1. Run residue 125 past the list (1) touching a residue at least 60 places away in the same chain (Cβ under 8 Å); (2) part of a loop (DSSP other than H, G, I, E, B) and report the number of the one that doesn't hold.
2. Here is a list: 169, 191. Which entry is more than 19 Å from residue 281 (Cβ to Cβ), touching a strand residue (DSSP E or B) at 6+ places or on another chain (Cβ under 8 Å) and outside the structural domain of residue 331 (by TED's automatic domain parsing)?
3. Would you check which residues across region 240-266 are within 15 Å of the chain's Cα centre (by Cα) and assigned to a helix (DSSP H, G or I) and list them?
4. When you check residue 150 against the structure, is it within 20 Å of residue 255 (Cα to Cα) and not in a helix (DSSP H, G or I), yes or no?
5. Take residue 53 and decide whether it is assigned by TED's automatic domain parsing to the domain that holds residue 364, over 30 Å from residue 194 (Cα atoms) and free of Cβ contacts under 8 Å to residues at least 24 places away in the same chain.
6. With the requirement that a residue be assigned to a loop (DSSP other than H, G, I, E, B) and free of Cβ contacts under 8 Å to residues at least 12 places away in the same chain, what does region 181-239 give you?
7. Return yes when residue 98 is in contact with a strand residue (DSSP E or B) (Cβ under 9 Å, 6 or more places away or on another chain), in the same structural domain as residue 326 (by TED's automatic domain parsing) and modelled with pLDDT of 95 or more and no when it is not.
8. Exactly one condition in (1) assigned to a loop (DSSP other than H, G, I, E, B); (2) crowded, with 18+ Cβ neighbours inside 10 Å; (3) more than 16 Å from the chain's Cα centre (by Cα); (4) at pLDDT 95 or above is false for residue 304; which is it?
């Protein structure tokens, strides 16, 4: 095992490494440049004297709406609330409705921005061709469970996880689980599987991982945000699956790391591509992005990444907004607020306080380039300097 910390006390939530790994992207995802992710994270510095002020939007007035992924909802809501102290006229209402719902509402233009844990597919982006994906955080999906008498983290590999969710492994003391956990007294009870019932980016990441490591899963289910599950019960949102596992003895589910930690649920170590059993932590989640060259459109998978320390079920999570919005009334305050998020020390401290890892310092320049490329009514929003 790479890291051991028993039941992982304290809030060690998923990381925000991905956000600053941005670069401008053209309509239809035509690359203009690339950036390489690293596992070394440090809080980005505030803008240098004479550059764009972090509080450039302090006099803006707007009622912004967003919807989508439930994983980043805590940090988004904290930022939006804190930004009221900077720009009292900018109020933002974000609803964690799942990534599928966020993509739908964004595409239908019923919200000002969307959020997703799985990038839009080609078919989805074809309905909103001017979309800019902005990776905001990097997160891990963990295998959580409710088992009496098990006092150490269980170990899982991809093949075993796939067989549990396919209904091919139905007992906790199955030989495959027992072989991965020698010396652990496993119950003879049935496994109660809990999965997402809504269209979910977390599900997308989970099925992406299983499709990478299991040929049976890839042929039977594949990569999907909404799945007709072969076995088990469903819950809406990460909170729904978390509650389902908490309330059901002998259950197993998949949730974002921070939901397991905040609800004091145990979660297993997962065997990675290098053959190491790895605990989902800030460093192991960051390691999944180490060395990954990100295209300008940032629609990239990092599941089952290379590296001894990489946790294998990890992904970026993205904000979705227009490259050139038809109206400046909402787009300008939104872009100004994002500039504040990435440049104001208090915003970065909020992320740290909520146990999200800070951004790689060297990635601040690419994110600035991306934000400076965004437009409304055909005009760039941020000044050149």
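The values are calculated or read from the model by the stated rules, or taken from the named source; none is laboratory data. All figures in this text were calculated on a predicted structure; none of them were measured in a lab. Every residue, glycine among them, receives a Cβ derived from its backbone with ideal geometry; neighbour counts consider all protein chains shown.
1. With (1) touching a residue at least 60 places away in the same chain (Cβ under 8 Å); (2) part of a loop (DSSP other than H, G, I, E, B) applied to residue 125, the lone miss is (2).
2. After ruling out the rest, the residue left standing is 191.
3. Going through region 240-266, the residues within 15 Å of the chain's Cα centre (by Cα) turn out to be 254-260.
Passing the criteria: 257, 258, 259, 260.
4. Working: within 20 Å of residue 255 (Cα to Cα): yes; not in a helix (DSSP H, G or I): yes.
Yes, satisfied.
5. yes
6. Going through region 181-239, the residues assigned to a loop (DSSP other than H, G, I, E, B) turn out to be 181-189, 191, 197-200, 214, 221-232, 236.
182, 183, 228, listed by residue number.
7. On the way: in contact with a strand residue (DSSP E or B) (Cβ under 9 Å, 6 or more places away or on another chain): yes; in the same structural domain as residue 326 (by TED's automatic domain parsing): yes; modelled with pLDDT of 95 or more: no.
No, not satisfied.
8. Unmet condition: (3).
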